[in-house]
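Encoded as structure tokens, here's the structure I'll be asking about.
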Amino acid sequence: MNDLVFSGVQPTNQLHLGNYIGALKQWVPIQHDHRCLFCIVDLHAITVPQEPRELRQNILDVAAAYLASGIDPKRSTIFVQSEVPEHAELGWIMGTLTKMGELERMTQFKDKSAKGGMGRAGAGLFTYPALMAADILLYDTSAVPVGEDQMQHLELARVLARRFNERFGETFQIPQALIQKHGARIMSLQDPSKKMSKSDPSDTSKILLSDTADIIRKKIMRAVTDTAGGVTYDADKKPAVANLMTIYHQVTGLTMKQIETEFDGKGYGDFKKALAEAVVAHLEPITKRMQEFRSDPHELLRILDNGRERAQLLAAEKMKLVRSRVGLGR
Ligand code: TYM
């Protein structure tokens, strides 16, 4: 049994609190007892148009965010997806095993292609989940810590691993998702029925890892609450407050019960003030470390070079086996 953990983030726009809580923050403790690979998935990013110069900056921003959040490059491998070409190669093979119907059912594709219609969406956006399956399966990953929005993609990766194994013989490990109880789906601060999203045009809907303390405070004080009062956790009846409590739980480590006790008899104003200070206290050192890493690109590039070498060794060996199983090459 392999105990390898793999996850990734797309280098598109600035990372937000949902990415941090749903993914990065969850990764940090795992690296103490697992071999981990954390990838910056730039091939996924280009499934929607990216400005090349911005993309290159975003790749370094994400690397800095990983490190600033506490990913230790001595323990974990941090690398850029496109620098290990085996991802694209296995992505192609996975695409040949994937059914159109399976891809059509993917909610992320439906959402992202909704505006222009399916006929105008890029083929890469459509086959994206096959590439994601390749990312995971290439390393015999056993666990994938992600937010809830990636569950459907992960389920497809499991299906494809089984399909490949049945057809070509035991080759891939079947990966499991690692999803947190509270924090797998952080919602928009302006609309608790929508997830916090990089592509949301509303600035106040999301807290960015690059936001200053004052901006964080303003966004939290402007966050919507529910008509029913009281800081009690009820995701169905009070979704906005449940979301804010989830954020508070994540940045303080307090349980929902402890939070309810702390704010018993107090209003939303008091709760939001405490929440704003807790988020600022948690994110401020991370934002500062991100800036430090960004101001030393040589160190960042050295870490990414190192990561590429480590990932490349594993990927090359696995692809040799995959090619021979499929009958590719001579
Ligand atoms: P991406 O870049 O959209 O998001 C990165 C991570 O952040 C999580 N996330 C959230 N978690 C909680 N609340 C939210 N509002 C929220 N928004 C985003 C995502 O679930 C994810 O864990 N397809 C992936 C990238 C990918 C990948 C992989 C992940 C490519 N290959 C292999 C894992 C393994 C994506 O688009 O994530």
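The values are calculated or read from the model by the stated rules, or taken from the named source; none is laboratory data. From a predicted model like this one, the values you see are computed outputs, not experimental measurements. With ideal geometry, Cβ positions are generated from the backbone for all residues, glycine too; neighbour counts draw on all protein chains shown. Keep in mind that these areas ignore ligands, DNA and RNA; they rest on the heavy atoms of the full protein, side chains included. Shrake-Rupley method; radii C 1.70, N 1.55, O 1.52, S 1.80 Å.
Does region 38-58 contain any residue that is open to solvent by 10 Å² or more (accessible area, probe 1.4 Å), farther than 23 Å from Gln152 by Cα and among the hydroxyl-bearing types (Ser, Thr, Tyr)?
No, that holds for no residue.
Let me ask something additional. Can you tell me how many residues in region 211-245 are more than 27 Å from Gln291 (Cα to Cα), under 23 Å from the mean Cα position of the chain (by Cα) and of a type outside the set (A, V, I, L, M, F, W, C)?
Total meeting the criteria: 2.
Among (1) open to solvent by less than 10 Å² (accessible area, probe 1.4 Å); (2) not in a helix (DSSP H, G or I), where does Lys74 come up short?
Single failed check for Lys74: (1).
Return the only residue of Ser199, Ser188 being near the ligand (Cβ under 10 Å from one of its atoms), in contact with a helix residue (DSSP H, G or I) (Cβ under 9 Å, 6 or more places away or on another chain) and within 26 Å of Thr98 (Cβ to Cβ).
Details: Ser188 fails: within 26 Å of Thr98 (Cβ to Cβ).
Testing whether each residue is near the ligand (Cβ under 10 Å from one of its atoms), in contact with a helix residue (DSSP H, G or I) (Cβ under 9 Å, 6 or more places away or on another chain) and within 26 Å of Thr98 (Cβ to Cβ) leaves just Ser199.
Looking at the structure I just gave you, is Lys318 touching a residue at least 40 places away in the same chain (Cβ under 8 Å) and outside the structural domain of Ala68 (by TED's automatic domain parsing)?
no
Now for a different question. Tally the residues that are exposed (fewer than 13 other Cβ atoms within 10 Å of the Cβ), under 22 Å from Lys195 (Cβ atoms) and in contact (Cβ under 8 Å) with a residue 24 or more places away in the chain, restricting the search to region 227-283.
So the answer is 0.
For the condition within 15 Å of the ligand (Cβ to nearest atom) and open to solvent by 30 Å² or more (accessible area, probe 1.4 Å), what is the one hit in Gly147, Gly124, Gly119?
One residue alone meets the criteria, Gly124.
Could you check, for region 316-325, whether at least one of its residues is assigned to a helix (DSSP H, G or I), among the polar types (S, T, N, Q) and loosely packed, with under 14 Cβ neighbours inside 10 Å? Steps first, please.
The initial filter retains those residues of region 316-325 that are assigned to a helix (DSSP H, G or I), namely 316-325.
The next check asks that each one be among the polar types (S, T, N, Q); those that pass are 324.
Still in the list and also loosely packed, with under 14 Cβ neighbours inside 10 Å: 324.
There is at least one residue in region 316-325 that is assigned to a helix (DSSP H, G or I), among the polar types (S, T, N, Q) and loosely packed, with under 14 Cβ neighbours inside 10 Å.
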